[in-house]
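Visitor: Got a structure for you, questions after.
The values are calculated or read from the model by the stated rules, or taken from the named source; none is laboratory data. Because the structure is predicted, anything quoted here is derived from the model rather than measured. Cβ placement follows ideal geometry from the backbone for every residue including glycine, while neighbour counts extend to all protein chains displayed.
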Amino acid sequence: MLAFIIKRFVQSIVVMLVVGLIAFVMFRFVGDPVDQMVGLETSIEDRERLRETLGLNAPLPMQYWNFISSAAMGDFGTSYQFKRPVADMLGDRLPATLELALVSAIFALCAGIPMGVFTALYKDSVLTKLFQAISLVGISLPTFLIGILLIYVFSVQLQKLPSFGRGEVVDIAGWSTGLLTVSGLKALILPAITLGLFQMTLIMRLVRSEMMEILRSDFIKFARARGLTPRAVHFGHALKNTMIPVITITGLQLGSIIAFAIITETVFQWPGIGLMFLQAVQDVDVPIMAAYLLMIAFLFVFINLIVDILYVVVDPRIRIEKA
Amino acid sequence: MSMNKETDEKMSVIARVLDSDIWYSFTRSKVTMVAALVTFLIFASALFAPIISPHDPFDLASLSLMDSLLPPAWNAEGDPNYLLGTDDQGRDVLSTILYGSRISLAVGLVSVAFAAVLGITLGLVAGYMGGRVDAIIMRVADVQLSFPAILIALLIDGTVNALVGGMDRERSAFTVLVISIGLSFWVQYARTVRSSTLVERNKEYVQAARLIGLHPFLIMLRHVLPNVMGPVLVIATINLALAVITEATLSFLGVGIPGTQPSLGTMIRTGNDFLFSGEWWITFFPGAMLAALVLAVNLLGDWLRDALNPKLR
Amino acid sequence: MSKFGRFLAASVLAGACATSAMAENSFDYAFQGSLKGLDPYTLRETFTLGILTNVYEGLIKRGPNLEILPGLATSWEVIEPTRWRFHLRKGVKFHNGNDFTAEDVVFSAERLNSEGSDMKGRVPVDATFEIVDDHTVDVILASPNPILHYEWELWSIIDKDWAEANDSMRVTSASDTAETTISLKANGTGPFKISEHTSGVSTKFEANENWWNWDNREFNIDTVNFTSISADATRVAALLSGELDMVYPVPTQDIKRIDASSTLSALTGPELRTIFLGMDQRRDELLNSSITGKNPFKDIRVRQAFYHAIDAEAISARIMRKQATPSAVMVSPFLLDNADQFERLAYDPEKAKALLAEAGYPEGFEIRIDCPNDRYVNDESICQAVAAMMAKVGVKVNVNAQPKAQFFAKILASGGYETSFYLLGWTPGSLDSHNIFANLYGCRDDAGKGGQFNIGGYCNPEVDALAKEILVENDAAKRLDLVTQAYRIVTDEVGYLPLHQQGLAWGVSNDVSVAQRADNVLRFEHITKN
Amino acid sequence: MSDTLLGVKDLVVEFSTRRGILTAVDKVSFDLERGEVLGLVGESGAGKSITGSAIVGLIDPPGRIAAGTVHLAGQRIDNLPSEKMRRIRGDKIGMVFQDPLTSLNPLYTVAKQLVQTILTHKDISKKQARDRAIELLDKVGIPAADLRIDDYPHQFSGGMRQRVVIALALCADPELIIADEPTTALDVSVQSQIVGVLKKMCSEHGASVILITHDMGVIAEAADRVAVLYSGRMAEIGPVRDVIKHPQHPYTKGLMGSIPTITQEGDRLTQIPGSMPRLTDRPPGCAFAPRCEMAMDVCRQNHPEEKDVGTARVACHLMRKEGAVA
């Protein structure tokens, strides 16, 4: 197990280095950071001086090395736009994104799994048709449109839920959470649904097809032949086996939840890292972009590791082999 | 006589199709038939857009700002010339939808083809070569997964513009979309093909092929491809729908097809700004078209998956 | 499901019983852009400087109609053509309780022109400051400058002692690794204090009871909450839903909707920014064009043809929904007294065709227009409309609309002025025409020396000479005459193709009253709320 | 008849498909005494497994029991509501499936699966259930059962797994065990061990067994009586010894010819030419007629009735003649 984790860890570092390098090459083309850092009327000489101070005139490999070597020590540089250490800014913004991603993942799982199980067990029920229709909406319209429509209905027309921001947040040991206040929870609803709808559909469909396949397997037939209750058969034996692919996909999807958060955060002005990243792209704030990408890669690798560990917990076959 | 024989053969092909299980399951499902009809209509109308659409929205000289923002024809202020109204530039919404779905479908099809070719090739190579090559390809696949299409598009948009640049913003945007969507999809194909290749690699015929001097890779290509066609087709269908949606999403982030030759996604993004101001038709009709397309293609993909999966039949 | 159900139920319940925990008179508003730092010298950008003037103050102040009023200086006079005397307000205290004195003014002037400052030049670099007494400062100039103090509203005066104590002597620079206090906290003399600031997200202000003008204050609000909302639809939704008291800018198409609401209204007015098209008159061969070997834009007939072909009225009526004023000059009539002397060339596609034919392009040609898509009001739509209009006279215009980051990276000096046809907007920072002649019409070399933002490279030495005279002319009437002469030349030569002054649009709740300034700056001190 | 445990009468199982209704089991009847082992043989597709599934009520749509009755210990069970039938499954009737590799849930320990099954049918404590589970494992011949009980299925070998499956089938002391090809997936070396275990357990518990297989060797070794199915119909049923020694039905004869025995070593195995007809195109008369060397005109027209021939019952037109002769 330890060897496995170490191997993973080494691979992760390589992955992240590659990500960083690709990103750095591409930043060249996103725009000129200096143009975005100064007013339009700033003189050419001042711009050139700024470029020099920022080290933007250094050769690309040098810039990359500088970035990586300080990133290794937890220093992601200073934001060109905000003049603040990027690490601090990520720290400020990360809770918002993680809470949103978590709540929408929970929403996707809590709605997707039961719906998937139901549609697999009662193939001809009216409710099944309804669930399938609803779930298809989640993948038939682009996220931003769903977000705007939700805002239109629940904020503008009904005036029940806020259209932007996180509401009031409470700071607990440096982690600002919106989960403890009423306005914070209300503010979470629409963005979480918007972000989670697509994943919910995915999970529902996955659970349904996996479940249908597993219900035909020999051990389910044997379980039924032993007279186990339908409850034990469906939710014990079948669902647990269904969970393996679901865990994998959900884990992998967490990465894309965080990426898709860029859109949701923009629509709902959610002060998370996705919004910060998009603004950084618009402003060519290279340190933020680099740190964000590195962090996404790290998160992904981390989630992958968790998924593998969960796998081991759920599936004893792997557990024994690794041990 | 030979003519007859040919027609006979053709007939028998048709007869075989009509007799096949897939056709049967197709005719049994009304939803699937409707989905197929909708898909067919959308593809046909996109293909024949220049013939059937009342206006040419891409001909800038024909646009007049004075005709802009007209509501649909049945509305009191509508103009019968513009059945579904006009957008902010005076483009006929109906014609633009027809032309736009052409572009959206082109983005979808090309990016899916790109992903499939890339994925199948890499999957075959990984499965066949094994060892370090396999490890590297699959690790790259892991990296790839942490970069969804959105991120790739944001990053390469500038790069492609700088490299392709030149006159044609439309073409460079198309390239950006195809590359970023294609790159985010290939992993699925690669994994499917790789596992199938791993199974085939050890079979006798591969060894035998090597003995008689044939390149085993070619042999495997011939044997693996038919085996994976089913899953690949299913993935491709669902990816097509996803690609069209992704294109729309990317246009929201400003890296989509530009407004002079709008795709469905661009139209929705533009219309999005007019939602609160009452000009609903600019978003609604393209949105409905997109939803219909994605829904229909998805339903077809679902059906195909079930029909091709012997376990579920 | 159950978790989410409970969560929903909790929220609905909560929604039913409590919503108003806010301070009694709080003004909540949102703007498109964000406030990234609090150091008033790091970014020369109207919004950032404007919002900070509620906290910091300048020596002068501008009123709702941009009229110059006394600020931290109660009065000033030109003692000699090159020596100005400023009398400072007495009894003014910074938020931390320190007294405001002449020392602070001198310190601020030095800091303004120091390394890393983006505000350089707002006080002429060669000017020297002399302290006469604690509340009198002399400014000695190298050459006469009648508009010395025009931009000084947005030059915030910083407390020297506080800056020293908080390691904020230097201007916060992007290469700093440690945060400076001044970019996170503010200590000004203004009517509002910053009580909470989350960079790029939101900022909370509260009224400063120790403000020097507290007893005569106009405003009745206690706190101000600013949030940045970049997505247009969300910003409008937040206003429509009653969550905010004001949002700006309001997209042109939503003005109608806001006006239709019984609780909201749209405040509109002309802005100072002029939107125009620029044409490359410097290169010998155009970039991204079908014409090779020569530059059609060097021919005045081609420039005139473009002018005649573009229907600025239609753009203003349809694309801008009347929220723009077509303009014949490159400056807002607000800033030029006799702007009405100038007239646009008529919209006349036939004449345009004839001119093109005369210039040797009867079949037209192909050219790319570079255009931002997230900078000005409806920027991309305008470019598309221009392309459609040019198509009617046979010129094929390919629209290259890009995010501002990539757009500016390419078209400015740093990108080698890589465009031959472009859309740009310009507001003279000094609110004076000289800025336009220097920056937009001044001859330049390839590196950008001279008229740095003269991207098209228009050049007429006569205009350069007039610009020099304008700069030093102290007599207002003579000055206006020189300015008019210069405008006449550049307008006749079609150096640029002005389109319009875009409109300001603020969406405001009927419960509040605000003063809309033409420079799009919101001063909290004019806000009242019922 | 008081010793009759199971009575299957005129059982018909149909599947509705797009090509019409398929009769997978066509009027099959047989009885089973308590303690008896009945072999059910036939080629794949002959309807053996479906007969087994029909008895325990595990025919899934689109299949259904179209006609006939099934009585267990005098109680009719083919038309019971699903919940009542569930209680009979595992409790009164145990099943053993072909593939021990896929019959066990890979994610649960053997203990969990055993205890769960025991608790479903017996009102005892968890502790008692576990003790019983260990006892069962011990009985089916799993060494160190008390240690291995907490292992996962994949930690056992194939043969051991099949022992676990048998233990699971025996959890609630069922009166009837239906073993569907219990040895097919196993190595030849462990096949007879498993048959031995099965037989021993059943005789200890006094349970009857229906042993479904295509392997006549297994039948010869374990069964008391044997029923031969062909294309969903009963061809011949009788005591194992008699059927093997003196097969009556031409199909049974052919089948017996295909068993390698020590005495016949070296001889070529006889093979029946052709293959079993698909259920979709079963001929109108005797299903075996197309392959039968002795087929007559009547065979191609009429389906033969079952006739008692000595100790056996046979469905063949030849029987009338032979019977008459005899």
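Visitor: Does segment A:219-273 hold any residues that are within 14 Å of chain D (Cβ to nearest Cβ), outside any helix (DSSP H, G or I) and of a type outside the set (A, V, I, L, M, F, W, C), and which are they?
Guide: Narrowing segment A:219-273 to residues within 14 Å of chain D (Cβ to nearest Cβ): A:219-247.
Add one more test, that the residue is outside any helix (DSSP H, G or I), and what stays is A:226-229.
Residues satisfying the conditions are A:Arg226, A:Gly227, A:Thr229.
Conditions (1) assigned by TED's automatic domain parsing to the domain that holds A:Val246; (2) within 22 Å of the chain's Cα centre (by Cα); (3) under 30 Å from C:Ala438 (Cα atoms), marked per residue:
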{"position": "A:Leu17", "(1), (2), (3)": "no, yes, no"}
{"position": "A:Leu40", "(1), (2), (3)": "no, no, yes"}
{"position": "A:Thr53", "(1), (2), (3)": "no, no, yes"}
{"position": "A:Tyr64", "(1), (2), (3)": "no, no, no"}
{"position": "A:Pro95", "(1), (2), (3)": "yes, yes, no"}
{"position": "A:Phe107", "(1), (2), (3)": "yes, yes, no"}
{"position": "A:Tyr122", "(1), (2), (3)": "yes, no, no"}
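Visitor: Taking segment D:158-172 as the search range and keeping residues that are more than 17 Å from the chain's Cα centre (by Cα) and within 13 Å of chain A (Cβ to nearest Cβ), which one is surrounded by the fewest Cβ atoms within 10 Å (Cβ to Cβ)? Let's see the steps before the verdict.
Guide: Our first condition is that a residue be more than 17 Å from the chain's Cα centre (by Cα); within segment D:158-172, this holds for D:158-161, D:163-164, D:167-168, D:171-172.
Right, trim to within 13 Å of chain A (Cβ to nearest Cβ) and you get D:161, D:164, D:167-168, D:171-172.
Values: D:Arg161: 23, D:Val164: 25, D:Ala167: 29, D:Leu168: 29, D:Cys171: 26, D:Ala172: 21.
Of everything passing the filter in segment D:158-172, D:Ala172 is surrounded by the fewest Cβ atoms within 10 Å (Cβ to Cβ).
Visitor: Is there a residue being surrounded by fewer than 22 Cβ atoms within 10 Å (Cβ to Cβ), within 14 Å of the chain's Cα centre (by Cα) and at pLDDT below 85 anywhere in segment A:303-319?
Guide: Going through segment A:303-319, the residues surrounded by fewer than 22 Cβ atoms within 10 Å (Cβ to Cβ) turn out to be A:303, A:305-319.
Then drop every residue that is not within 14 Å of the chain's Cα centre (by Cα), which leaves A:303.
Add one more test, that the residue is at pLDDT below 85, and what stays is A:303.
There is at least one residue in segment A:303-319 that is surrounded by fewer than 22 Cβ atoms within 10 Å (Cβ to Cβ), within 14 Å of the chain's Cα centre (by Cα) and at pLDDT below 85.
Visitor: Here is a follow-up. Given the condition more than 23 Å from C:Ala388 (Cα to Cα), touching a Leu at 6+ places or on another chain (Cβ under 6 Å), in contact (Cβ under 8 Å) with a residue 60 or more places away in the chain and surrounded by 21 or more Cβ atoms within 10 Å (Cβ to Cβ), answer yes or no: does some residue in segment B:280-287 qualify?
Guide: Going through segment B:280-287, the residues more than 23 Å from C:Ala388 (Cα to Cα) turn out to be B:280, B:284-285, B:287.
So of that shortlist, the ones also touching a Leu at 6+ places or on another chain (Cβ under 6 Å) come out as B:285.
Then drop every residue that is not in contact (Cβ under 8 Å) with a residue 60 or more places away in the chain, which leaves B:285.
Adding the requirement that they be surrounded by 21 or more Cβ atoms within 10 Å (Cβ to Cβ) leaves B:285.
Yes - at least one qualifying residue is present in segment B:280-287.
Visitor: Run B:Pro54 past the list (1) part of a loop (DSSP other than H, G, I, E, B); (2) under 25 Å from B:Leu264 (Cα atoms); (3) more than 26 Å from the chain's Cα centre (by Cα) and report the number of the one that doesn't hold.
Guide: Of (1) part of a loop (DSSP other than H, G, I, E, B); (2) under 25 Å from B:Leu264 (Cα atoms); (3) more than 26 Å from the chain's Cα centre (by Cα), only one is false for B:Pro54: (3).
Visitor: Specify which of the listed residues (C:Val137, C:Val105) is crowded, with 20+ Cβ neighbours inside 10 Å and over 26 Å from the mean Cα position of the chain (by Cα).
Guide: Working: C:Val105 fails: over 26 Å from the mean Cα position of the chain (by Cα).
Checking each option against the conditions leaves just C:Val137.
Visitor: Inspect segment A:239-260 for any residue being without any contact (Cβ under 8 Å) to a residue 12 or more places away in the chain, surrounded by fewer than 20 Cβ atoms within 10 Å (Cβ to Cβ) and of a type in the set (Lys, Arg) and give the result as yes or no.
Guide: no
Visitor: When the residues of segment B:117-133 are filtered to those that are surrounded by fewer than 18 Cβ atoms within 10 Å (Cβ to Cβ) and either part of a helix (DSSP H, G or I) or at pLDDT below 75 (or both), which remaining residue is nearest to the other protein chains (Cβ to nearest Cβ)?
Guide: Of segment B:117-133, the ones surrounded by fewer than 18 Cβ atoms within 10 Å (Cβ to Cβ) are B:117-118, B:121, B:129-133.
Next, only the ones that are either part of a helix (DSSP H, G or I) or at pLDDT below 75 (or both) stay: B:117-118, B:121, B:129, B:131-133.
Working: B:Val117: 22, B:Leu118: 17, B:Thr121: 21, B:Met129: 19, B:Gly131: 16, B:Arg132: 13, B:Val133: 16 Å.
Among those that are surrounded by fewer than 18 Cβ atoms within 10 Å (Cβ to Cβ) and either part of a helix (DSSP H, G or I) or at pLDDT below 75 (or both), it is B:Arg132.
Visitor: Output the qualifying pairs, or none if there are none: Cβ atoms under 9 angstrom, residues six or more apart or on different chains, first residue in segment C:87-116 and touching a residue at least 24 places away in the same chain (Cβ under 8 Å), second residue assigned to a helix (DSSP H, G or I) and among the polar types (S, T, N, Q).
Guide: Pairs found: C:Glu115/A:Thr53; C:Gly116/A:Thr53.
Visitor: Please enumerate the residues belonging to segment D:79-128 that are touching a residue at least 60 places away in the same chain (Cβ under 8 Å), in contact with a Leu (Cβ under 9 Å, 6 or more places away or on another chain) and more than 7 Å from chain A (Cβ to nearest Cβ). Reasoning before the result, please.
Guide: Applying the first criterion (touching a residue at least 60 places away in the same chain (Cβ under 8 Å)) to segment D:79-128 yields D:90-101, D:103-104.
With the extra rule that they be in contact with a Leu (Cβ under 9 Å, 6 or more places away or on another chain), the set shrinks to D:90, D:92-96, D:100, D:103-104.
Residues satisfying the conditions are D:Lys92, D:Ile93, D:Gly94, D:Val96, D:Pro100.
Visitor: A further question on this structure: Give the residues of segment C:444-478 that are assigned to a helix (DSSP H, G or I), in contact (Cβ under 8 Å) with a residue 40 or more places away in the chain and surrounded by 16 or more Cβ atoms within 10 Å (Cβ to Cβ), sorted by residue number.
Guide: Listed by number, the list holds a single entry, C:Leu471.
Visitor: Taking into account only those residues within segment B:240-272 that are more than 8 Å from chain A (Cβ to nearest Cβ) and in contact with a Pro (Cβ under 6 Å, 6 or more places away or on another chain), which is nearest to C:Gln402 (Cα to Cα)? It would help to see each step written out before you state the result.
Guide: Of the residues in segment B:240-272, the ones more than 8 Å from chain A (Cβ to nearest Cβ) are B:240, B:243-244, B:246-247, B:250-251, B:254-264, B:266-267, B:270-271.
Going one step further and asking which of them are in contact with a Pro (Cβ under 6 Å, 6 or more places away or on another chain), we end up with B:254, B:264, B:267.
Numbers: B:Gly254: 8, B:Leu264: 19, B:Met267: 17 Å.
Ranking the candidates gives B:Gly254 first.
Visitor: So A:Phe76 clears everything in (1) closer than 18 Å to A:Met276 by Cα; (2) more than 7 Å from chain C (Cβ to nearest Cβ); (3) outside any loop (DSSP other than H, G, I, E, B) except one condition, right? Which one?
Guide: Single failed check for A:Phe76: (3).
Visitor: Would you mind stating whether A:Phe164 is closer than 30 Å to D:Ile177 by Cβ and in contact with a Ser or Thr (Cβ under 6 Å, 6 or more places away or on another chain)?
Guide: Numbers: closer than 30 Å to D:Ile177 by Cβ: no; in contact with a Ser or Thr (Cβ under 6 Å, 6 or more places away or on another chain): yes.
Criteria not met by A:Phe164.
Visitor: Among the candidates A:Phe107, A:Phe82, A:Phe24, A:Phe9, single out the residue that is part of a helix (DSSP H, G or I) and within 12 Å of chain C (Cβ to nearest Cβ).
Guide: Details: A:Phe82 fails: part of a helix (DSSP H, G or I); A:Phe24 fails: within 12 Å of chain C (Cβ to nearest Cβ); A:Phe9 fails: within 12 Å of chain C (Cβ to nearest Cβ).
Testing whether each residue is part of a helix (DSSP H, G or I) and within 12 Å of chain C (Cβ to nearest Cβ) leaves just A:Phe107.
Visitor: Additional query: Confirm whether D:Thr183 is without any contact (Cβ under 8 Å) to a residue 40 or more places away in the chain and buried (at least 24 other Cβ atoms within 10 Å of the Cβ). Quick ask: steps written out before the conclusion?
Guide: Numbers: without any contact (Cβ under 8 Å) to a residue 40 or more places away in the chain: yes; buried (at least 24 other Cβ atoms within 10 Å of the Cβ): yes.
Spelling it out, D:Thr183 is indeed without any contact (Cβ under 8 Å) to a residue 40 or more places away in the chain and buried (at least 24 other Cβ atoms within 10 Å of the Cβ).
Visitor: For C:Ser290, which of the numbered conditions (1) buried (at least 17 other Cβ atoms within 10 Å of the Cβ); (2) in contact with a Phe, Trp or Tyr (Cβ under 6 Å, 6 or more places away or on another chain) fails to hold?
Guide: (1)
Visitor: Something else now. Checking C:Leu72 against (1) modelled with pLDDT of 95 or more; (2) within 23 Å of C:Val512 (Cβ to Cβ); (3) of a type outside the set (Lys, Arg), only one condition comes out false. Which one?
Guide: Checking C:Leu72 against (1) modelled with pLDDT of 95 or more; (2) within 23 Å of C:Val512 (Cβ to Cβ); (3) of a type outside the set (Lys, Arg), the one that fails is (2).
Visitor: A further question on this structure: Could you tell me how many of the residues in segment B:57-78 are crowded, with 16+ Cβ neighbours inside 10 Å and in a loop (DSSP other than H, G, I, E, B)?
Guide: Of the residues in segment B:57-78, 10 are crowded, with 16+ Cβ neighbours inside 10 Å and in a loop (DSSP other than H, G, I, E, B).
Visitor: Here is a check on your reading of the model: is C:Lys392 facing another protein chain (nearest Cβ under 10 Å), over 17 Å from the mean Cα position of the chain (by Cα), more than 27 Å from B:Asn161 (Cβ to Cβ) and surrounded by fewer than 22 Cβ atoms within 10 Å (Cβ to Cβ)?
Guide: Numbers: facing another protein chain (nearest Cβ under 10 Å): yes; over 17 Å from the mean Cα position of the chain (by Cα): yes; more than 27 Å from B:Asn161 (Cβ to Cβ): yes; surrounded by fewer than 22 Cβ atoms within 10 Å (Cβ to Cβ): yes.
Judged against the criteria, C:Lys392 is a match.
Visitor: While we're looking at this one, here's another question. How many residues, within segment C:376-407, are of a type in the set (Gly, Ala, Ser), in contact (Cβ under 8 Å) with a residue 40 or more places away in the chain and not in a helix (DSSP H, G or I)?
Guide: Our first condition is that a residue be of a type in the set (Gly, Ala, Ser); within segment C:376-407, this holds for C:381, C:385, C:387-388, C:391, C:394, C:401, C:405.
Then drop every residue that is not in contact (Cβ under 8 Å) with a residue 40 or more places away in the chain, which leaves C:381, C:385, C:394.
From what's left, not in a helix (DSSP H, G or I): C:394.
Of the residues in that region, 1 qualify.
Visitor: Listed residues B:Val206, B:Val193; which is of a type in the set (Val, Ile, Thr), over 16 Å from the mean Cα position of the chain (by Cα), buried (at least 21 other Cβ atoms within 10 Å of the Cβ) and in a helix (DSSP H, G or I)? Walk me through how you get there before you give the answer.
Guide: Working: B:Val206 fails: buried (at least 21 other Cβ atoms within 10 Å of the Cβ).
Only one candidate qualifies: B:Val193.
Visitor: For segment B:49-76, how many residues meet the condition of being of a type in the set (S, T, N, Q) and within 14 Å of chain C (Cβ to nearest Cβ)?
Guide: As a first pass, look at segment B:49-76 and keep what is of a type in the set (S, T, N, Q): B:53, B:62, B:64, B:68, B:75.
The next check asks that each one be within 14 Å of chain C (Cβ to nearest Cβ); those that pass are B:62, B:64, B:68.
Selection size over segment B:49-76: 3.
Visitor: Moving on. Can you find a residue in segment A:191-205 that is at the interface with chain C (Cβ under 10 Å from one of its Cβ atoms), surrounded by 19 or more Cβ atoms within 10 Å (Cβ to Cβ) and hydrophobic (A, V, I, L, M, F, W, C)?
Guide: To start, the set of residues in segment A:191-205 that are at the interface with chain C (Cβ under 10 Å from one of its Cβ atoms) comprises A:192-193, A:196.
From the residues that got through so far, the ones that are surrounded by 19 or more Cβ atoms within 10 Å (Cβ to Cβ) too are A:192-193, A:196.
Filter again for hydrophobic (A, V, I, L, M, F, W, C), leaving A:192-193.
Among the residues of segment A:191-205, at least one is at the interface with chain C (Cβ under 10 Å from one of its Cβ atoms), surrounded by 19 or more Cβ atoms within 10 Å (Cβ to Cβ) and hydrophobic (A, V, I, L, M, F, W, C), which makes the answer yes.
Visitor: Counting only residues that are in a helix (DSSP H, G or I) and facing chain A (nearest Cβ under 8 Å), which one in segment C:408-434 is nearest to C:Pro349 (Cα to Cα)?
Guide: Here is the first cut: in segment C:408-434, the residues in a helix (DSSP H, G or I) are C:408-411, C:413-415, C:434.
Then keep just the ones that are facing chain A (nearest Cβ under 8 Å); that gives C:408-409, C:413-415.
On the way: C:Phe408: 31, C:Ala409: 34, C:Ala413: 34, C:Ser414: 36, C:Gly415: 34 Å.
The selected residue is C:Phe408.
Visitor: Exactly one of these conditions fails for D:Gln155: (1) crowded, with 21+ Cβ neighbours inside 10 Å; (2) polar (S, T, N, Q); (3) without any contact (Cβ under 8 Å) to a residue 40 or more places away in the chain. Give me its number.
Guide: Single failed check for D:Gln155: (1).
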